[in-house]
Each structure stands twice: as structure tokens, then as C-alpha cells.
Amino acid sequence: MVEKKYRAKKGTFTRLLGMVFKRHKYKLILVLILMLLATIANVSGMASVQSILTEAINMIESGNTTDFSGLTKIILAMMGFYAANILFTFIHLRIMINVGQDSLLYLRSSLFTHMMDLPIKYFDTNKHGDIMSRYTNDVDATRQMISQSLPQLASSMLLMLGYLAAMIYTSWILSIFTILFSGLLILTTRVISKRSKKYFIAQQKNVGAINGYIEEMIEGQKVIKVFRYEDKAISGYKELNENVKNSARISMGRSGMLIPITVNMGYLSFAIAAILGAILALNNLMTVPHLVAYLLFTRQFTGPVNQMGQQLNSVQMALAGASRIFEVLDMQKEIDNGHIELVNAVYNKHNELVETNEKSNIWAWKDNDKLTVLKGDVRLKNVDFGYNENKLVLKNISVFAKPGQKIAFVGSTGAGKTTITNLINRFYEINNGTILFDGIDIKDIKKSSLRKSLGIVLQDTHLFHTTIRENIRYGRLDATDEEVIEAAKLANAHEFILKLPQGYDTQVTDDGANLSQGQRQLLSIARASISNPPVLILDEATSSIDTYTERLIQDGMDQLMEGRTVFVIAHRLSTIKNSKAIIILEDGNIIERGNHHDLIDLKGTYYQLYTGAFELE
């Protein structure tokens, strides 16, 4: 995996060019032709100076200073060359702007699509601000290179070759010196570029880190103000900002050396060429028009070199950004080797179970052509799990839930309650053991089908920036408006929704900031209800919700749980007394198991919690 990542970074430039060329092959070929024509026109226009000087000298030597027809033709031709150069340059720049914007669209779409297929672990282990930085800053830097820097580099390279050809044609003797000098300049550029590359990568990483920090501080503003964390937050930001400044200073400083080096080496090259040319002219080895033309070519030759040096910063930054984009694109997608699907089914007139495209009240597992009614029997057998190989957070966990049973998990923060529900969802893969759903290993079930069978209601409900109606409909995208309203009624959310300014069409803002915590959880219950899941995972409301809203939520949950297999992450022990089994977790181990009466009689941890001797964290 490390080797693969190294190769990807090492070939970033080639890979990026390959991606662009594959999508815009004919446009890029046209651009190269236009660049070549622009170069020929540019060099030809400059070469006209030699012809003008030669014609002027001939007029003086012949004494014919009144016939300007020959000179006029040369000047008009020169103007035509420069007009053609402007036209060809304008066209290829417009094409490259379109190529750059399309590449931006393609990169963002590819990155977003790939992110949607990444495992939950990626989002749990990377700051969201850093992920956003890849999606915005890194992609835009890459777009700028494609639409601006690369065309300028290619154009500069062609101009260099064009002027070099003209210089060789004008004086091959002086050109030997120019070629040697250019080789030294290219070598210097390559060394500086290579040494500054790692600092540009560090700069982009630091930008991602500071974006992640900013997002974290914005989301945690209430906590920051309550606990007077402002000074500490500012201090942390200043430290990260300093890292960005230092990495930018080093990267820009290293690559910035190129500009004065290339400019001054250009001046030096011009001066030496002028001296050597003068010596050749004095010895009748070169005419004055040829010398003037050669010096003009030399001066123009250094211009593209300087432009290439000036583009280095944006190219290096773009390559650093592109390497971070490809780093994500090279990450392995969420593995799904399951083949069993969850489908709607009905009994036909022969009392045979058959698949249907219509909504039905029967879910069935489809294994090839065989259909088996989903019952809701969930079993964890001797499950071990750790987020890394060195430390297990769940050890030898065995839990059995028969169809329609309610299983409650109790334990302090970090005991492993939420982790178990994440494993049932297959957000993470277990280290050892087996998880069975109706006797089927969940690894054999397609993840999309497995998750379709599960409804989840969390305390911290994520709501999207759309209407109340559409947020509920996320549970089942093809649900009708009537079904949305029925789900809201079941969740006891209908009443408060009608009191909102636009009712079901009220826009939810900033992850539900315009709704109370209780209202958000009622919408979560409605969303789970509309999907009609056979198995539910519920994270109960905490004491931060008022008594009336808590009762509404509990009533909504009770209606939602009816007839379903339910796993409850408990915060209030009074609400789980009727559970078939209560699992007490501590440090990833099951320390007690049984129904309410059994555990009270045991007088262990559950008894202490229930009687108030201990408190849940």
C-alpha cells in the first residue's frame, strides 16, 4: 500500500496530464497546433527585423532612399505575423480555459463520487476541514495549472525552441554558447524545483489542517463560549497559521529563487552574446543585421525561460494539491463482497413468495432466485473488534436478538455500545467472530441491502439543507407526500411541523440549527419510520430535552419499535425495563446480561445504576 502511494505521488504530473489528454485529446492537439502556429508567427515577426535592417542598409548603399515599397512589404508582413500570433494565442487560451473548467468539474465529481464510496473509517479519522480543503483548494490549484500554467509552459517551451532554431539559422557559432548556457539554466531550474516540491506538499497539508481546525472551532462555538475556551482556540489557530506561513515562506522562497536567477542569467547571456557577436562582426564573420537579429532572438529567448520560472510556484502548488487529490482517489473503496439482496415480496395466488417492484409489507432475502422471508433474527457470536490491530475495544461479544425482541445496551462512554451498532451496519469489519442476520453471515449480504433493513435514530440527528419534507423523505426517496405526513404523525412530529412558518416546506438551515434538539430527533424518528425497517437501532434521548418533548420522543419510539427487532443504546434505565435482554458493557466486555428483574436480583452494576448508586456517563 505504501509503495502504491509512493508511485502515485511520484507520477502526479504524468498522471494529471494523462487524465486531461484522455478527456480532451482533440482539443489539446488543436491547442498544440495553434501554439506552434503562434510560435512560428512570433519568431517570423521578430525575424522580419533582420530583413528590415538589410533592406534599409541596401537602400542607403544604393542611394535609393525614396522607394519604400520593399520596406513597406516587410513591415506589413511583420504586422501580419504579429496579428496571427495574437489570434492563435487568443484561440488556444480560450480552449484551455474550457479544458481547465471541465477538468475542475471532472476532478470534483470524481473526488465526490469516490468519497461517497469510501468506508466510514476515512471520515472518522480525517478532519472534515482537511477533506474540504482537498475538494476546494487542491482542486482549484490543479484547475489553475491546467488552464493557465501548463499552456504558458508549453507556449514558452515552443517559443524557446522557435527562437533557438532562428538563432542557429542566424549564427550557429553563437548558438553553441546559448545552448550551453541554456543547459545550465535548465539544470538549475530542475534542482530548485525538485528541492522545493516537498515544501509545497507540506504547505497544502498545513492549509488542510488549518481548515479542519477552523471548521471544528465554528461547530464548537457554544462549547467554546461556555467553557471560556476563546484564548486557547486563538492560540491553537495562531500555531497552525504559523505553520502555514512557514511552509509557504520556505516553498515560495525556494522556488522564488528561480525568478532572479533566470532574469539575471538572461541578462548575462545577452551581454556575452553581444560581446561575442561584436567580435565576429569586427572580423567580418557576421553582418550587422544578423548580429542585431541574433541579439533580439537572444533577448526574446530568455523571456520564455523567465516565464517558466515564474510559473513554477503555481505548478508546484498544483502538483502538491493534485497529489493530495490522487491520494484520496487511490484509497480503496468500501469492500462489498455480498451477493444476497433485500427485496419487496408478496405471496401469489399459489401461496408462493415472489419478488415485486411495488411497496409491500414483506421483506425477503434474495439469494440468486431463492427468496426467504426476513424475520429480524440478529446474532453476534464471539465478536472481537478494534479500530486498530493493537487494541481491542470489543472482546468476545455474543448477543442474540430474536425477531421482535428489544435488546438494550448500557454502559459508560467508551464501553462499546455504539461500536456494536456500527458493526451491525458493517461500517467496520470485525476482527474475529460472526454476525448473523436470519442465519446469514452479514458479509454475504450486500451492504446496501443490509443497511436498507436497518433504521437508525440517533440523538445527534444530521439534517440536510432542504425542506422538512425532503429530510423525512431521505428515509425512502420514492415516498409520497401522504406517506411523509403519516410518518411524521407516527413520530409525533406532525404537530410542531404545522406550526413552522412554511410547514413541511420549511427550510432546514445549518444542520437543523433552526430546530430544537428534540424536534430534530422527532424528524429522525419520522425518517426511520418511513423506511419501514425490520430492525431498529435507537439512541435514546438524554436529559437535555424537556419532559414534554422527551415524552413525545419516547411515544414515537414506542410506536416505531412495535413488531420490530430493536437495539437500544440506553441513557435512561426507566425506559428499557421491558427489554428482553439488557447488556451491561464495561471496557469492551459484557459484565452482566439479563432482563430487568434478573439484573436487579443480581445486585451488580445494573442494580447500582438503577438505584442511583452509580451514574451513567
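The values are calculated or read from the model by the stated rules, or taken from the named source; none is laboratory data. Since this is a predicted model, take the numbers as computed values, not measurements. Because the Cβ atoms are built from the backbone with ideal geometry, glycine has one as well, and the counts that use them run over all protein chains shown.
Observations on the model:
- Test: LEU538 is surrounded by fewer than 20 Cβ atoms within 10 Å (Cβ to Cβ), assigned by TED's automatic domain parsing to the domain that holds VAL566 and closer than 30 Å to LEU450 by Cβ: no
- Candidates SER448, SER516, filtered to the one that is surrounded by fewer than 16 Cβ atoms within 10 Å (Cβ to Cβ) and either within 30 Å of GLU341 (Cα to Cα) or over 34 Å from the mean Cα position of the chain (by Cα) (or both): SER448
- The condition of being in contact (Cβ under 8 Å) with a residue 24 or more places away in the chain and farther than 23 Å from LEU329 by Cβ does not hold for ILE86.
One line per residue, one yes/no per condition, for (1) β-branched (Val, Ile, Thr); (2) surrounded by fewer than 21 Cβ atoms within 10 Å (Cβ to Cβ):
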{"site": "GLU389", "(1), (2)": "no, yes"}
{"site": "PHE400", "(1), (2)": "no, yes"}
{"site": "ILE407", "(1), (2)": "yes, no"}
{"site": "GLY414", "(1), (2)": "no, yes"}
{"site": "THR418", "(1), (2)": "yes, yes"}
{"site": "ILE440", "(1), (2)": "yes, yes"}
{"site": "LYS443", "(1), (2)": "no, yes"}
{"site": "ASP460", "(1), (2)": "no, yes"}
{"site": "HIS465", "(1), (2)": "no, yes"}
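- From the list ASN344, ASN361, ASN368, ASN351, the lone residue that is out of contact with any Cys (no Cβ under 9 Å at 6 or more places or on another chain), exposed (fewer than 14 other Cβ atoms within 10 Å of the Cβ) and on the phi < 0 side of the Ramachandran plot is ASN361.
- The range 315-333, subset crowded, with 19+ Cβ neighbours inside 10 Å and not aliphatic (A, V, I, L, M), residue farthest from the chain's Cα centre (by Cα): GLN316
- Residues that are among the β-branched types (Val, Ile, Thr), in the same structural domain as MET317 (by TED's automatic domain parsing) and buried (at least 18 other Cβ atoms within 10 Å of the Cβ) number at least 1 in the following helices (runs of 4 or more DSSP H) confined to the range 112-215: 128-133, 139-144, 150-170.
- Qualifying positions in the range 587-617 - assigned to a loop (DSSP other than H, G, I, E, B) and basic (Lys, Arg): LYS603
- Sole residue being under 29 Å from GLN332 (Cβ atoms), touching a residue at least 24 places away in the same chain (Cβ under 8 Å) and hydroxyl-bearing (Ser, Thr, Tyr), chosen from TYR504, TYR474: TYR474
- In the set (1) aliphatic (A, V, I, L, M); (2) part of a helix (DSSP H, G or I); (3) in contact with a strand residue (DSSP E or B) (Cβ under 8 Å, 6 or more places away or on another chain), the condition left unmet by ILE584 is number (2).
- Failed condition for TYR610, given (1) crowded, with 21+ Cβ neighbours inside 10 Å; (2) more than 29 Å from LYS375 (Cβ to Cβ); (3) over 40 Å from the mean Cα position of the chain (by Cα): (1)
- The listed residues are LEU500, LEU523, and the only one of them that is over 28 Å from the mean Cα position of the chain (by Cα), within 26 Å of PRO403 (Cα to Cα) and either in a helix (DSSP H, G or I) or not small (Gly, Ala, Ser) (or both) turns out to be LEU523.
- Here is the figure for the range 510-568: residues that are at pLDDT below 75 and either over 28 Å from VAL378 (Cα atoms) or touching a strand residue (DSSP E or B) at 6+ places or on another chain (Cβ under 6 Å) (or both) total 12.
- Residue match in the range 417-424 (condition: more than 30 Å from ASN589 (Cβ to Cβ) and in contact (Cβ under 8 Å) with a residue 40 or more places away in the chain): no
The rows are residues; the columns are (1) over 33 Å from the mean Cα position of the chain (by Cα); (2) in the same structural domain as ASP367 (by TED's automatic domain parsing); (3) outside any loop (DSSP other than H, G, I, E, B).
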{"residue": "VAL399", "(1), (2), (3)": "yes, no, yes"}
{"residue": "PRO403", "(1), (2), (3)": "yes, no, no"}
{"residue": "ALA408", "(1), (2), (3)": "yes, no, yes"}
{"residue": "ALA415", "(1), (2), (3)": "no, no, no"}
{"residue": "THR421", "(1), (2), (3)": "no, no, yes"}
{"residue": "PHE427", "(1), (2), (3)": "no, no, no"}
{"residue": "ILE430", "(1), (2), (3)": "no, no, no"}
{"residue": "THR434", "(1), (2), (3)": "yes, no, yes"}
{"residue": "LYS443", "(1), (2), (3)": "no, no, yes"}
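- One residue stands out among those in the range 1-24 that are under 19 Å from SER149 (Cα atoms) and outside any helix (DSSP H, G or I): the one that is modelled with the highest pLDDT, which is HIS24.
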